[in-house]
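To start, the structure itself, in structure tokens.
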Amino acid sequence: MALKSPTPYHTLGSLAPVGDVQLNYVLEGDPHKPLLALIPMARHNLTMWERLMPDLLSQFRVLRFDLRGMGRSTGGAPEGYRFEQYADDLAGLLTHCELGSAIVVGVAYGARTAAAFALRHPGRLAGLALFDVSLTPPVDQKRQGVLGEAARAALAAAGQSPAPAERYWRFYEDRESADAMHRAHEGAPDLTEPLGAVQAPTLIACGAYDENLKEAQRIAAWVPPARFHLMPMTGHGSPVYRPAYVAALLAAHFGRPAQGF
């Protein structure tokens, strides 16, 4: 999967020993600012956040990483491909980096790991942000492509067409491990009702052009501290569609308020 010249995928990150795997991660920013821990969406590695980073680093210290088996992180034992283990991996990475609590941000498939982290490690949860989230068995995703085109058309009409996604956002080292990483939803329980115990500040956001919208609204209704935000002109994978908007939303909820929220 290599290109002729190195990409950020090939040059970013350090490996941390966490349990039975090596997790690829990048820690950036002022240690005196609130810490964000970013969990990528399905089939994506830590480089998917690159267009948000300048805005995020103005407000936060940021930890991003590849989930086990994805990107440049190594795979592990077959029984380790579960959202609970991914959450424990993040806790282990925080310990490795000598970090305490974090505002944990997950997008789509990554939001399932963020939810598991909130329940398994509440003492290390400074805040929770779930974007484009569904916690039940995956809803029918067949319309996501059509809805995504409608979102792009709406953005184009507003003069805000998103830049094309980069190929390397989806790179990985081992296909078998990457495929295993994305089977965690099989048999996974719905964590919506347990999330009612979360006390940390919580943001749940979903695009107007996302098949998961009703699910995201249902989850927000269960979490007492949650604020729900509907993102206009946005499809599934909101940081890809509107990176500056997502960064501003995080700043408004967890950092210094930005205009428009």
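The values are calculated or read from the model by the stated rules, or taken from the named source; none is laboratory data. Model, not experiment: these values are computed from the prediction. Neighbour counts run over all protein chains shown; Cβ positions are idealised from the backbone, glycine included.
Matching residues to (1) modelled with pLDDT of 95 or more; (2) under 20 Å from residue 175 (Cα atoms); (3) not small (Gly, Ala, Ser):
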position: 43; (1), (2), (3): no, yes, yes
position: 50; (1), (2), (3): yes, no, yes
position: 54; (1), (2), (3): yes, no, yes
position: 61; (1), (2), (3): yes, no, yes
position: 77; (1), (2), (3): no, yes, no
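Name the pairs: first residue in the stretch 144-155 and of a type outside the set (A, V, I, L, M, F, W, C), second residue assigned to a helix (DSSP H, G or I), Cβ to Cβ under 9 Å, at least 6 apart or on different chains?
148/241; 152/241
Could you list, in sequence order, all residues of the stretch 2-54 that are among the small types (Gly, Ala, Ser), out of contact with any helix residue (DSSP H, G or I) (no Cβ under 7 Å at 6 or more places or on another chain) and not in a strand (DSSP E or B)?
Matches in the stretch 2-54: 2, 5.
Within the stretch 1-43, which residues are without any contact (Cβ under 8 Å) to a residue 12 or more places away in the chain and of a type in the set (Gly, Ala, Ser)?
2, 5
Kindly indicate whether any position in the stretch 150-157 is at pLDDT below 95, of a type in the set (Gly, Ala, Ser) and under 26 Å from residue 68 (Cα atoms).
There is no residue in the stretch 150-157 that is at pLDDT below 95, of a type in the set (Gly, Ala, Ser) and under 26 Å from residue 68 (Cα atoms).
Under 9 Å between Cβ atoms, at least 6 apart or on separate chains: pull out the pairs that start in the stretch 54-72 with a residue that is farther than 17 Å from residue 99 by Cα and end on any residue that is among the hydroxyl-bearing types (Ser, Thr, Tyr) and in a strand (DSSP E or B).
66/25; 66/172; 69/172; 70/172; 71/172; 72/172
Quick grid of which residues meet (1) of a type in the set (Lys, Arg); (2) in contact with a Lys or Arg (Cβ under 8 Å, 6 or more places away or on another chain); (3) modelled with pLDDT under 95:
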residue	(1), (2), (3)
147	no, no, yes
161	no, yes, yes
189	no, no, yes
200	no, no, no
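Within the stretch 44-84, which residues are polar (S, T, N, Q) and surrounded by fewer than 23 Cβ atoms within 10 Å (Cβ to Cβ)?
Listed by number, the residues that qualify are 58, 59, 74.
What about residue 242, is it surrounded by 22 or more Cβ atoms within 10 Å (Cβ to Cβ) and over 26 Å from residue 10 (Cβ atoms)?
Yes; evaluated as a whole, the condition is true for this residue.
Restricting attention to the stretch 93-110, does a residue exist that is of a type in the set (Phe, Trp, Tyr), under 24 Å from residue 170 (Cα atoms) and in a strand (DSSP E or B)?
No - not one qualifying residue is present in the stretch 93-110.
Any residue at all in the stretch 55-63 that is part of a helix (DSSP H, G or I) and more than 24 Å from residue 30 (Cβ to Cβ)?
Checked against the condition, which is being part of a helix (DSSP H, G or I) and more than 24 Å from residue 30 (Cβ to Cβ), the stretch 55-63 yields no hits at all.
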